[in-house]
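Participant: Let me give you the structure first, and then I'll get to my questions.
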Number of protein chains: 2
Amino acid sequence: MDRRNPYRTHNAGDLRKENVGETARLAGWVHRRRDHGGLIFIDLRDRWGITQVTFDPEREDIFSTAEKLRPEWSISVEGEVTARPPGNENPDLPTGHIEVRATDLRVLNTSETPPFEIERDRPVDETLRLKYRYLDLRREKMRDTILFRHRVVKHIRDFLDAREFVEIETPLLTASTPEGARDYLVPARLYPGQFYALPQSPQQFKQLLMVAGFERYFQIARALRDEDQRGDRQPEHTQLDMELSYTTQDEVLGLVEELFTGIVEGLTDKTIGQKPFPRLTYAEAMDRFGSDKPDIRFGLELRDVSEIAATSGFKVFSGAVESGGSVRGIAVGGLGDLSRGKIEGEITDVAKTGGARGLAFMKAEADGLTGPIAKFFSDEEQASLREALGARQGDYLFFVADKDPVVFESLGRLRLHFRDRLGLADDDVLGLCWVTDFPLFEWNEDEGRVEPMHHMFTMPREEDLGLLETEPLKVIGQLYDLVANGTELASGSIRIHRPDIQQRVFDVIGIDSEEAERRFGAMLTAFRYGAPPHGGIAPGIDRLIMLLRDQPNIREVMAFPKTQAARDEMMDAPGPVSEDQLKELHIALRRRPEGPKGSDPASRPSEGNN
Amino acid sequence: MDRRNPYRTHNAGDLRKENVGETARLAGWVHRRRDHGGLIFIDLRDRWGITQVTFDPEREDIFSTAEKLRPEWSISVEGEVTARPPGNENPDLPTGHIEVRATDLRVLNTSETPPFEIERDRPVDETLRLKYRYLDLRREKMRDTILFRHRVVKHIRDFLDAREFVEIETPLLTASTPEGARDYLVPARLYPGQFYALPQSPQQFKQLLMVAGFERYFQIARALRDEDQRGDRQPEHTQLDMELSYTTQDEVLGLVEELFTGIVEGLTDKTIGQKPFPRLTYAEAMDRFGSDKPDIRFGLELRDVSEIAATSGFKVFSGAVESGGSVRGIAVGGLGDLSRGKIEGEITDVAKTGGARGLAFMKAEADGLTGPIAKFFSDEEQASLREALGARQGDYLFFVADKDPVVFESLGRLRLHFRDRLGLADDDVLGLCWVTDFPLFEWNEDEGRVEPMHHMFTMPREEDLGLLETEPLKVIGQLYDLVANGTELASGSIRIHRPDIQQRVFDVIGIDSEEAERRFGAMLTAFRYGAPPHGGIAPGIDRLIMLLRDQPNIREVMAFPKTQAARDEMMDAPGPVSEDQLKELHIALRRRPEGPKGSDPASRPSEGNN
């Protein structure tokens, strides 16, 4: 704080017993007011804390003004720092041992009654919060989140700067990107019929910066996607974009691990489940957790019982294995006695959201497995199943028999369901892990073609280069995701830096050299001039803050979010523009087929319609 | 550097005499190649430096590969660090005492011959540089500028963070702003006929963050304006946006002064002309320098000779004073003998660009003033003029007689003309100064009305509040500019925080409460809830880097600038989009009146047309 200031000498979190006897001036907002024993007590709030200020009727000059004070008025107060009378201390407040006895009071601004309470953390309608975001941000929780976000981002910048990363700004007005999501477009006034696109990510620019020789680049970058809105999406989000040259997957993982460890251990009370972060291949993650975003904080790992199932008399099981699928299961303890209705209803429904047609279950009792399907298995088979799943007495055994993807997805979801139901995961622990060795391509069933699993600039594993043309679906890419508690925090890869390999990958996914040139011309040309081996990763900042602050919703970690319908209720955006503006941009509004001619362009759908 | 890396153990700026005898691996680009005495010498370049690598034909395994090396190939080399033979050291290079004798060579990527030389700083056609920006950025000067920019911005962030400023991101998709320049618009897919606007500055958001109680906010923010392009403009630029609550002009100026002093003294070889930075009122700056962006590194200050002129027999002078104008002049030494043609041509032309109809001049000789108008002045008047201008023998005296604004503008330009002509200003000195006390309003001659000189959210001086309705043009605003060497680096103000004062200012400039509500509704509503006194400033980052790196052009300080015609030649943006995309956005292209129906929307004007 600058100490020479007509509004304050200290901030409202500063004063302690040691200051007793001093004269102090504070500025801030009336947080609470209480009248007691003829005195007026004000809790004065600023960004740094709360200090109790008392007004005595004997100070006639200011008492009448103090009587007018209401919550959220902005004031500046001078007075003597005094020890609170014994018994009146507030140990919960750093300033709780003192109070300031006012000798001067300046009202800097009055306040109408806010549409919701600032001083208490009670649920408030979100539309109201977003419309009055500047008041919502005064509330302790929001304020602390935004301050925390600043500290995290500062930590990231310091960390990377110390390791010789250079932050470079890339353009917001750029060309349409190939990432697949919908672009936000900006009509170009100087180029009739042409448009800029806002960046979905600086992917091409960061690779070009590697070609440019910066070697270690990062940017806290805004990324914009015009997606259909879901709970945790926003038109704009922020990512740490980082890229290195002459690097390897190991180096990138090591760096990011060090960065995230520093953030968690330096700035939060959470602990990291395992250090170094476990590294799972994609295959292992699916196999053990049924997910490429595994929550590794708890067990309930999937077990493959296909071998036992194949030869069993239970047709559902043996049939699944015969048709190339698998049978896997988990053993769950602590469920007590579940009614058959509950299992076949609620729990089976969870498995069905993952695509399973049904959920087989048994219970491990002292004398064997019980349940409707137990009869299909011999004692020996029952013992094998029980052993395979590591089931203890009293555990329920749940099985899904289907194609592998369905088995994984269904049991993966079931696993998370029991996590929540049984409280298996510690909220104060971050189960951080790496998932690596993703297949480079996946099969698009609908379109009957091979497509990139992540993006088309990823380098295949050296040893798989020969498979590109022959068995592309077997090619493993140098891809890696950072996962925490079942959420993907970051995704990255070692990129292709040689034009010949890039073209081979394009060929696999059916992009001929003409299309490649049209879509990625700058990058392909750049690769012809000594592009170095390079790779990077892009952790999402919003998602990181959500995780570290236990916030389920992205709107809780941004200062000025849009609604789920992509609207800014406070600034009232988007809005209509003038015909002159449209003319300058060489565009016209389309008539809306559903409405009458010239219907009001300013009408807007309600949130529910989107 | 991470030392465990298959590509390198050291960077190319690392190795010294102390490393002789060690084995080192380097990665980077072939900067230069020389073949001499049977050996091949490669200058290997990376981001950190250059190291000489030698290939000996006796190492047959790698020599044949080394023979293929060409500039800009990307390679990794291992070898023994060896002292260079006596006489072959290069003292200009930190690594100039050693060389690496290659024992292993891996070609990571080849390179076509670049379209211009990377290793030499020769002029290159700018269009070519922008098209191949990733190669242009490999050149030492561009690379160093971008690295310098990173260091400056990092310094700013560290400085502000240490002073409890919090960086908060404000939205890119927002409502149309009132700043006056043209907005970039983004059609809203979910709201037919409606548009977001990209921010021209976060002005309203930063004020709302003050209402929200953050007290000390900053952001390295992107600002976008769809202006007609001039030499030093770009569609996007970057500013340090900062705002404080419970603050004063003095505090803001002191903070920014400390910040800029740290940048200049910590990161550059330049010196600051005067500390603390001189503070000039607007009136004083005009009076002394004829400009509100004065270059204070040299004298040639303007002198008012209206009093002498008023009673002189020279009608041009006395007439100007009579009709409410003034006569001012400067005395310029070191010009030697100028022909009358030169003065009445070249030099008078400079004055005319400032609006003057003519330029009066005399020369101070031993026996009095000479020149065509000398005869109009008595000996006494000549002596007075000479004294008023502080002219020494041999000086030329130049006068402009006109309305004040014309006198200031003309003599101000003349002053800069002589600065450049006579080399009066030291390029290594930053003449930083503050200009304060700007009038709040100015008279718009064309529209016959009062308008805000800076913006309409500026707080009048306390003592001038009473003049708002009666003599608005006399009201001084709490406005301040930071100026360096004749360039405005930053502009700021203490803002209005009370709705009643804001409405009075709106009334002066003819904005009624309905229009105010429509244009600034969120802010005016926010002000009703205890908005604190606040103010801030917004230094332009690009301009600062230009100044510190002696770059006349903004494109030299951005990694990926657009052309003067707002085009990205590398990414080929803007470009056409599909009819489907337009449909989704509820817009259509207008037919271009000048072209045939359905003319190619992708055709683009050449740069010269814009």
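Participant: Report whether or not A:GLU78 is of a type in the set (D, E, K, R), within 14 Å of chain B (Cβ to nearest Cβ), under 24 Å from B:THR247 (Cβ atoms) and assigned to a strand (DSSP E or B).
Facilitator: Yes: the conditions hold for A:GLU78.
Participant: Provide a single number: the residues in the range B:128-141 that are assigned to a loop (DSSP other than H, G, I, E, B) and more than 7 Å from every other protein chain (Cβ to nearest Cβ).
Facilitator: Number satisfying all stated conditions: 2.
Participant: Tell me, please, whether a residue that is in contact with a Ser or Thr (Cβ under 8 Å, 6 or more places away or on another chain) and within 27 Å of B:ILE476 (Cβ to Cβ) can be found in the range B:255-273.
Facilitator: no
Participant: List the number of the failed condition for B:ILE272; all other conditions in (1) within 30 Å of A:VAL153 (Cα to Cα); (2) among the aliphatic types (A, V, I, L, M); (3) surrounded by fewer than 21 Cβ atoms within 10 Å (Cβ to Cβ) hold.
Facilitator: (1)
Participant: Inspect the range A:161-175 for any residue being among the aromatic types (Phe, Trp, Tyr), part of a loop (DSSP other than H, G, I, E, B), more than 30 Å from A:PHE457 (Cβ to Cβ) and more than 7 Å from every other protein chain (Cβ to nearest Cβ) and give the result as yes or no.
Facilitator: No: the range A:161-175 contains no residue that is among the aromatic types (Phe, Trp, Tyr), part of a loop (DSSP other than H, G, I, E, B), more than 30 Å from A:PHE457 (Cβ to Cβ) and more than 7 Å from every other protein chain (Cβ to nearest Cβ).
Participant: Out of curiosity, is B:ASP46 charged (D, E, K, R), modelled with pLDDT under 95 and on the phi < 0 side of the Ramachandran plot?
Facilitator: When the stated conditions are applied, B:ASP46 does not pass them.
Participant: Restricting to the range A:385-410, name every residue that is within 20 Å of A:GLU344 (Cα to Cα) and either surrounded by fewer than 17 Cβ atoms within 10 Å (Cβ to Cβ) or outside the structural domain of A:LEU369 (by TED's automatic domain parsing) (or both).
Facilitator: Passing the criteria: only A:GLY394.
Participant: Any residue in the range A:563-590 that's more than 7 Å from chain B (Cβ to nearest Cβ): show its pairings with residues that are of a type in the set (Asp, Glu) at Cβ separation under 7 Å, as long as the two are six or more apart or on different chains.
Facilitator: Every condition considered, the pairs that remain are A:THR563/A:GLU569; A:THR563/A:GLU607; A:GLN564/A:GLU607.
Participant: Can you name the residue in the range A:1-11 that is more than 10 Å from chain B (Cβ to nearest Cβ) and within 21 Å of A:ALA66 (Cβ to Cβ) and is also surrounded by the fewest Cβ atoms within 10 Å (Cβ to Cβ) among such residues?
Facilitator: Looking at residues that are more than 10 Å from chain B (Cβ to nearest Cβ) and within 21 Å of A:ALA66 (Cβ to Cβ), I get A:THR9.
Participant: Pairs please, first residue from the range B:137-161 and of a type in the set (S, T, N, Q), second anywhere and crowded, with 19+ Cβ neighbours inside 10 Å, Cβ atoms under 6 Å, 6+ apart in sequence or on different chains.
Facilitator: B:THR145/B:VAL557
Participant: List every residue pair whose Cβ atoms lie under 6 Å apart, where the two residues are 6 or more positions apart in sequence or sit on different chains, the first residue falls within the range B:498-516 and is of a type in the set (D, E, K, R), and the second residue, located anywhere, is surrounded by 15 or more Cβ atoms within 10 Å (Cβ to Cβ) and part of a loop (DSSP other than H, G, I, E, B).
Facilitator: Short answer, once both residue conditions are applied: B:ARG504/B:LEU468.
Participant: Next up: Could you tell me which of the residues B:ARG34, B:ARG45 is of a type in the set (Lys, Arg), assigned to a strand (DSSP E or B) and more than 12 Å from chain A (Cβ to nearest Cβ)?
Facilitator: None of the others qualify; the one that does is B:ARG34.
Participant: Another question, if that's okay. For the range B:342-375, how many residues are in contact with a strand residue (DSSP E or B) (Cβ under 9 Å, 6 or more places away or on another chain) and either among the acidic types (Asp, Glu) or not assigned by TED's automatic domain parsing to the domain that holds B:LEU389 (or both)?
Facilitator: Number of matching residues: 1.
Participant: Looking at this structure, is A:PHE55 free of Cβ contacts under 8 Å to residues at least 60 places away in the same chain and either on the phi > 0 side of the Ramachandran plot or touching a Leu at 6+ places or on another chain (Cβ under 7 Å) (or both)?
Facilitator: It is true that A:PHE55 is free of Cβ contacts under 8 Å to residues at least 60 places away in the same chain and either on the phi > 0 side of the Ramachandran plot or touching a Leu at 6+ places or on another chain (Cβ under 7 Å) (or both).
Participant: Give the residue that is farthest from the other protein chains (Cβ to nearest Cβ), with candidates limited to residues of the range B:12-31 that are surrounded by fewer than 22 Cβ atoms within 10 Å (Cβ to Cβ) and under 20 Å from A:ARG216 (Cβ atoms).
Facilitator: Going through the qualifying residues, I end up with B:ALA24.
Participant: Also, I was wondering about something else. Give me the residue from the range A:525-538 that is crowded, with 22+ Cβ neighbours inside 10 Å and not small (Gly, Ala, Ser) and, out of that set, farthest from the other protein chains (Cβ to nearest Cβ).
Facilitator: This residue is A:ILE537.
Participant: Test of understanding: among B:ARG133, B:ARG101, B:ARG120, which residue is of a type in the set (Lys, Arg) and surrounded by 22 or more Cβ atoms within 10 Å (Cβ to Cβ)?
Facilitator: B:ARG133
Participant: Could you go through the range A:541-558 and let me know if any residue there is closer than 19 Å to A:MET453 by Cα and away from chain B (no Cβ under 14 Å).
Facilitator: Checked the range A:541-558: no residue is closer than 19 Å to A:MET453 by Cα and away from chain B (no Cβ under 14 Å).
Participant: Going through B:GLN200, B:GLN239, B:GLN194, B:GLN207 one at a time, which residue ends up being facing chain A (nearest Cβ under 10 Å) and under 26 Å from B:HIS155 (Cα atoms)?
Facilitator: Only one candidate qualifies: B:GLN207.
Participant: Ok, one more. Within the range A:142-152, can you find the residues that are more than 7 Å from every other protein chain (Cβ to nearest Cβ) and not charged (D, E, K, R)?
Facilitator: Within the range A:142-152, A:MET142, A:THR145, A:PHE148, A:VAL152 qualify.
Participant: Taking A:ILE220 and the conditions (1) β-branched (Val, Ile, Thr); (2) surrounded by 22 or more Cβ atoms within 10 Å (Cβ to Cβ); (3) within 18 Å of the chain's Cα centre (by Cα), which numbered condition does it fall short on, given that it satisfies the others?
Facilitator: Evaluating A:ILE220 over (1) β-branched (Val, Ile, Thr); (2) surrounded by 22 or more Cβ atoms within 10 Å (Cβ to Cβ); (3) within 18 Å of the chain's Cα centre (by Cα) leaves (2) as the failure.
Participant: Go through the range B:4-22 and report how many residues are assigned to a loop (DSSP other than H, G, I, E, B) and within 15 Å of B:ALA83 (Cα to Cα).
Facilitator: Final tally of qualifying residues: 6.
The values are calculated or read from the model by the stated rules, or taken from the named source; none is laboratory data. In this text, all values refer to a predicted model and were calculated from it rather than measured experimentally. Methodologically, a virtual Cβ is constructed for each residue, glycine included, from the backbone with ideal geometry; neighbour enumeration extends over all protein chains shown.
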